[in-house]
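J.: Sharing a structure below in structure tokens format, with a few things to ask.
The values are calculated or read from the model by the stated rules, or taken from the named source; none is laboratory data. All figures in this text were calculated on a predicted structure; none of them were measured in a lab. A quick note on method: Cβ atoms are made from the backbone with ideal geometry, for glycine too, and the neighbour counts reach across all protein chains shown.
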């Protein structure tokens, strides 16, 4: 996965740290902030959450109670612009067959 290759990992790690900082400012976890942001984008978008433990599932489900203001959404998108993500989502072949990436 290109986003996790060494040359991209440093940049993307900085983005993860920014997400954590924003979450701390709101008093929630980074995963809760990410899920709440997805939910705030469009009611037709459904976040896919992975959980290995009940605690992780509870943490993720608690994001359903997080309400983001328009200002908070704008701040997230300003500090974490899509263009700052390093590396493609998948390798070249996988990217060529994804409808969602066109």
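J.: Working carefully through the options 98, 68, 57, find the one that is out of contact with any helix residue (DSSP H, G or I) (no Cβ under 9 Å at 6 or more places or on another chain) and not in a helix (DSSP H, G or I).
T.: Criteria check complete, one pass: 98.
J.: If you don't mind, there's one more thing I want to ask. Checking residue 12 against (1) under 29 Å from residue 93 (Cα atoms); (2) surrounded by 15 or more Cβ atoms within 10 Å (Cβ to Cβ); (3) modelled with pLDDT of 95 or more, which single condition isn't satisfied?
T.: Single failed check for residue 12: (3).
J.: Can you tell me which of 54, 79 is touching a residue at least 60 places away in the same chain (Cβ under 8 Å) and exposed (fewer than 15 other Cβ atoms within 10 Å of the Cβ)?
T.: On the way: 54 fails: touching a residue at least 60 places away in the same chain (Cβ under 8 Å).
Of 54, 79, the one residue that is touching a residue at least 60 places away in the same chain (Cβ under 8 Å) and exposed (fewer than 15 other Cβ atoms within 10 Å of the Cβ) is 79.
J.: Quick one: count up the residues across region 11-40 that are without any contact (Cβ under 8 Å) to a residue 12 or more places away in the chain and part of a helix (DSSP H, G or I). If you could, list the steps in order and put the result at the bottom.
T.: Here is the first cut: in region 11-40, the residues without any contact (Cβ under 8 Å) to a residue 12 or more places away in the chain are 13-14, 17, 20-21, 23-25, 27, 38.
Keeping just the survivors that are part of a helix (DSSP H, G or I) gives 13-14, 17, 20-21, 23-25, 38.
Qualifying residue count for the region: 9.
J.: Kindly indicate the residue of region 71-95 that is assigned to a helix (DSSP H, G or I) and more than 15 Å from the chain's Cα centre (by Cα) and also modelled with the highest pLDDT among those meeting that condition. Before you say what the answer is, go through the steps one by one.
T.: Here is the first cut: in region 71-95, the residues assigned to a helix (DSSP H, G or I) are 71-79, 82-84, 92-95.
Cutting the leftovers down to more than 15 Å from the chain's Cα centre (by Cα) gives us 71, 92-95.
Numbers: 71: 96, 92: 80, 93: 79, 94: 82, 95: 79.
Step by step, filter region 71-95, then rank; the result is 71.
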